[in-house]
Amino acid sequence: MRIWLVAGFVALAGNACGVDTTATQTVLAQPESTQGPVWSFDLNGSYTSGSRIEKAHNFGSQAEFHHEFEALRNFHLFDKYYLQIGIDYDRYDFSRSNNIFPYALSGVAGESSISYWDGDEFFPLLTLKPGLYYTRNYITLNSFDIPVRVAGGIKVHNKVHLVLGFEADAYQEIPVFPIAGLNWEITDKVNLRAVFPEPRLSYNPNKKLEIFISGEVGGGSYRNGPTADPRTNNAVLEYTTDRAGTGISYNPKKGVSIEGSAGWNIQRRFNYFRAGPDYSSKGALYLKLDLSIDLF
């Protein structure tokens, strides 16, 4: 989720010549199109190795499998601003489960964003994700939620932008969570994106390759299904994962990105903040792959 603004310009040149009675117009060069892609697709998946849940050692080690698919249709509004409309499907699967720890967490949502296109990628300014967020395969009207994210950039220096905003979700323990950070182009090859939820320090040896170290806060809030435990029966569950790792991103052509990363999942947390149970796991290794495609 990358939400700072980058100012740009397009230089146009023209040339007129000749003394003939017939007017002749010569186009010296065609500027590169700044139009954004018509469609954007993202598919990512990760695996976190087994780790024990603190305060529930008898439960055994639990591994996590995660995958997400996002498809967006991009409509040009004006200048470099776009309306993005599409779908987002997100699911966590776990190797062990019981009344407190579901075997799956799922989110099926429509997505709409007002975004800024900088010529390489979109930076969402306002995002709404109305949809169903549920555990296991149990869906009710109470599973419906509308997470909201608002963020914008403020230029403080030629290569430094501050990012300010907030996330709002009635199913989170903190319903309104502030966002603050900065994007700093340290050199032509080194960039710092210190912005929640995915801060990143990257080095670009060339236009096609990026080497980075990063952090990531993932997860979401879900309506639990019926269980034999009155504390978790139809309760709201906030699940979070905190990661730190390193990886490589490869861009073979414009609009295509393949990214692989690995590192340490610091903790996974199951928090029924309205009902009481709050469990965290120990750390574990994780692997992640991401494929992004833009169709122009």
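Table: residues versus (1) of a type in the set (Phe, Trp, Tyr); (2) within 25 Å of GLU238 (Cα to Cα); (3) at pLDDT below 95; (4) in contact with a Lys or Arg (Cβ under 7 Å, 6 or more places away or on another chain).
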{"position": "GLY50", "(1), (2), (3), (4)": "no, yes, no, no"}
{"position": "ALA56", "(1), (2), (3), (4)": "no, yes, yes, no"}
{"position": "SER61", "(1), (2), (3), (4)": "no, yes, no, yes"}
{"position": "PHE69", "(1), (2), (3), (4)": "yes, yes, no, no"}
{"position": "ASN74", "(1), (2), (3), (4)": "no, no, no, no"}
{"position": "LEU83", "(1), (2), (3), (4)": "no, no, no, no"}
{"position": "ASP88", "(1), (2), (3), (4)": "no, yes, no, yes"}
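Note on segment 66-164: enclosed strands (runs of 3 or more DSSP E) holding 2 or more residues that are hydrophobic (A, V, I, L, M, F, W, C) are 81-94, 104-117, 122-128, 148-157.
From the list ILE248, ILE211, exactly one residue is in contact with a Pro (Cβ under 9 Å, 6 or more places away or on another chain), farther than 19 Å from PHE94 by Cβ, at pLDDT 95 or above and of a type outside the set (Lys, Arg). Which is it? Please lay out each step first, then the result.
Numbers: ILE248 fails: in contact with a Pro (Cβ under 9 Å, 6 or more places away or on another chain).
The conditions single out ILE211.
Residue pairs whose Cβ atoms lie under 8 Å apart, sitting 6 or more positions apart in sequence or on different chains, and linking a residue in segment 255-283 that is acidic (Asp, Glu) to a partner that is assigned to a loop (DSSP other than H, G, I, E, B) and surrounded by 17 or more Cβ atoms within 10 Å (Cβ to Cβ), are ASP278/TYR272.
Applying the set (1) farther than 28 Å from ASP120 by Cβ; (2) among the hydroxyl-bearing types (Ser, Thr, Tyr); (3) exposed (fewer than 13 other Cβ atoms within 10 Å of the Cβ) to THR240 leaves exactly one unmet item: (3). GLU167 meets each of the listed conditions (1) surrounded by fewer than 20 Cβ atoms within 10 Å (Cβ to Cβ); (2) free of Cβ contacts under 8 Å to residues at least 24 places away in the same chain apart from (1).
Do you know which residues across segment 243-254 are surrounded by fewer than 17 Cβ atoms within 10 Å (Cβ to Cβ) and either touching a Gly at 6+ places or on another chain (Cβ under 9 Å) or not in a strand (DSSP E or B) (or both)? If the condition is that a residue be surrounded by fewer than 17 Cβ atoms within 10 Å (Cβ to Cβ) and either touching a Gly at 6+ places or on another chain (Cβ under 9 Å) or not in a strand (DSSP E or B) (or both), then ALA244, THR246, ILE248, TYR250, LYS254 are the ones that fit.
The values are calculated or read from the model by the stated rules, or taken from the named source; none is laboratory data. All of these numbers come straight from a predicted model, not from anything done at the bench. Methodologically, a virtual Cβ is constructed for each residue, glycine included, from the backbone with ideal geometry; neighbour enumeration extends over all protein chains shown.
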